[in-house]
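The values are calculated or read from the model by the stated rules, or taken from the named source; none is laboratory data. This structure is a prediction, so every number in the text was calculated from the model and none was measured. Reconstructed Cβ throughout: ideal geometry from the backbone, glycine too, with neighbour counts over all protein chains shown.
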Amino acid sequence: MKIKNREKAYNGYFKIYKLTVEQEGETFTREQFDRGHAVAALVFDTERQEYVLTKQFRIGSESELVEIVAGMVDEGEEPETSIKREIEEEIGYHVDKLELLHTFYSSPGGSTEHVQLYYAEVSHQQHSGGGNSHEHEHIQIVRLSAEELEALVSQDAKTIVAQQWARLRRLSR
């Protein structure tokens, strides 16, 4: 498959491109949702011995979701800087330890979103978190034991990946 042309079809909060592609002599169009580069982290508070997640309303699901901390990488920012910023904004912690777990596309059939998933250890909450009011974020903190994290029924893919990593880590000890 070869991309022959790319034109911006929509330029709002998100961007959508109309691509003209060629494959095996046929030319056709596809839309591409340009979501950008995202970061996410399963956060563990080493003092309280619990995982710290978020709960917020998500436009895509049109519902509140409990999920791991996540956000977008700002232009010119390194992913590690982005996830540390997101952890501080959303749940109010400074990161003590950060480990990259995996990198993946969230929905490669039509979206450019590329996610870097981390495990972060924290020990002291600097402030209450809650997100940025200028971004209209209203984030609640959810604290879970290892057992509660494993039992959490989530519809969020990055959270499911993080849950499985935590479960495999626990089983390998």
Within the range 93-118, restricting attention to residues that are in contact with a helix residue (DSSP H, G or I) (Cβ under 6 Å, 6 or more places away or on another chain) and of a type in the set (Phe, Trp, Tyr), which residue is farthest from ARG48 (Cα to Cα)?
TYR118
Would you check if there is a residue in the range 53-62 being small (Gly, Ala, Ser), exposed (fewer than 12 other Cβ atoms within 10 Å of the Cβ) and either at pLDDT 95 or above or not assigned by TED's automatic domain parsing to the domain that holds ALA166 (or both)?
no
Among the residues in the range 103-110, are any under 17 Å from LYS84 (Cα atoms) and either surrounded by fewer than 17 Cβ atoms within 10 Å (Cβ to Cβ) or outside the structural domain of SER82 (by TED's automatic domain parsing) (or both)?
yes
Which numbered condition PHE57 misses (of (1) closer than 20 Å to THR159 by Cβ; (2) of a type in the set (Phe, Trp, Tyr); (3) in contact with a Gly (Cβ under 6 Å, 6 or more places away or on another chain))
(3)
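For every residue, the table says whether it meets (1) part of a strand (DSSP E or B); (2) at pLDDT 95 or above; (3) not assigned by TED's automatic domain parsing to the domain that holds VAL52.
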{"site": "TYR119", "(1), (2), (3)": "yes, yes, no"}
{"site": "SER128", "(1), (2), (3)": "no, no, no"}
{"site": "GLY131", "(1), (2), (3)": "no, no, no"}
{"site": "THR159", "(1), (2), (3)": "no, yes, no"}
{"site": "GLN164", "(1), (2), (3)": "no, yes, no"}
Would the range 27-43 turn up any residue that is among the charged types (D, E, K, R) and closer than 25 Å to ILE160 by Cα?
yes
May I ask you to list the residues in the range 1-36 that are among the charged types (D, E, K, R) and under 23 Å from the mean Cα position of the chain (by Cα)?
LYS15, GLU31, ASP34, ARG35
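Residue-by-condition table, conditions (1) surrounded by fewer than 14 Cβ atoms within 10 Å (Cβ to Cβ); (2) touching a residue at least 24 places away in the same chain (Cβ under 8 Å); (3) acidic (Asp, Glu):
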{"position": "HIS134", "(1), (2), (3)": "yes, no, no"}
{"position": "SER145", "(1), (2), (3)": "yes, yes, no"}
{"position": "LEU149", "(1), (2), (3)": "no, yes, no"}
{"position": "LEU152", "(1), (2), (3)": "no, yes, no"}
{"position": "ALA162", "(1), (2), (3)": "no, yes, no"}
{"position": "ARG167", "(1), (2), (3)": "yes, no, no"}
{"position": "SER172", "(1), (2), (3)": "yes, no, no"}
